[in-house]
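Step one of this worksheet: look at the structure below.
The values are calculated or read from the model by the stated rules, or taken from the named source; none is laboratory data. On a predicted model such as this, the values are computed, not experimentally measured, just so you know. Using ideal geometry, Cβ is built from the backbone for each residue, glycine included, and neighbour counts are taken over all protein chains shown.
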């Protein structure tokens, strides 16, 4: 259940951030209607995703993978036994990649798919879709870490990281190309 509450804290913070981003962009919406700005913004978001993917793959080959779930205590805690909801907020806030992701990639998606306060259904679907994706990914990860992490095969873990890095790179390329081919209609 800790994984669920961590993600719930993360989702709460993301809801606040999405609203703040939309408020800030609605104040300067004329800039976002400039096609050249949208292209640059989408390209920066795509390049960052490709870069993050490269960092993940490079990390697999550069550093030895040190995964140790064997030190998890009998009660299931490892280094943190506080409020998991607040832990999810703290982990999100302290992750610089989370901030960069939302500043460029998340905002690019919101612009690209016309997510704004004037389109509440798009806002609701965007938020729920994003958070359901987080839950679909992190709940199995937290269950795996709790139950199966003690027997994690290092080679399998490396392949999972490589596949995730490649997926991130492909998604970045898609985002960068998509904003050029299919710009949002205001």
In the range 170-184, residues that are under 15 Å from residue 111 (Cα atoms) and crowded, with 20+ Cβ neighbours inside 10 Å total 3
What helices (runs of 4 or more DSSP H), lying completely within the range 1-98, carry at least 1 residues that are at pLDDT 70 or above, in contact with a helix residue (DSSP H, G or I) (Cβ under 7 Å, 6 or more places away or on another chain) and buried (at least 17 other Cβ atoms within 10 Å of the Cβ)?
2-27, 35-62, 84-94
Consider the range 99-133. How many of its residues are surrounded by 15 or more Cβ atoms within 10 Å (Cβ to Cβ) and within 20 Å of residue 8 (Cβ to Cβ)?
8
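Could you grab me the full set of residues in the range 163-173 that are within 16 Å of residue 141 (Cα to Cα) and in contact (Cβ under 8 Å) with a residue 40 or more places away in the chain?
164
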Where a residue in the range 1-21 is in contact (Cβ under 8 Å) with a residue 40 or more places away in the chain and at negative phi and its partner, wherever it lies, is exposed (fewer than 15 other Cβ atoms within 10 Å of the Cβ) and not in a helix (DSSP H, G or I), with Cβ under 8 Å and at least six apart
2/76; 5/83
Before we move on, is residue 87 within 14 Å of the chain's Cα centre (by Cα) and farther than 27 Å from residue 37 by Cα?
no
Residues in the range 159-175: is at least one under 24 Å from residue 63 (Cβ atoms), in a helix (DSSP H, G or I), modelled with pLDDT under 90 and more than 19 Å from the chain's Cα centre (by Cα)?
yes
Expected output for the range 118-139 (first residue touching a residue at least 12 places away in the same chain (Cβ under 8 Å), partner not in a helix (DSSP H, G or I), Cβ below 8 Å, 6+ apart or cross-chain) is 123/115; 123/116; 123/117; 126/113; 126/115
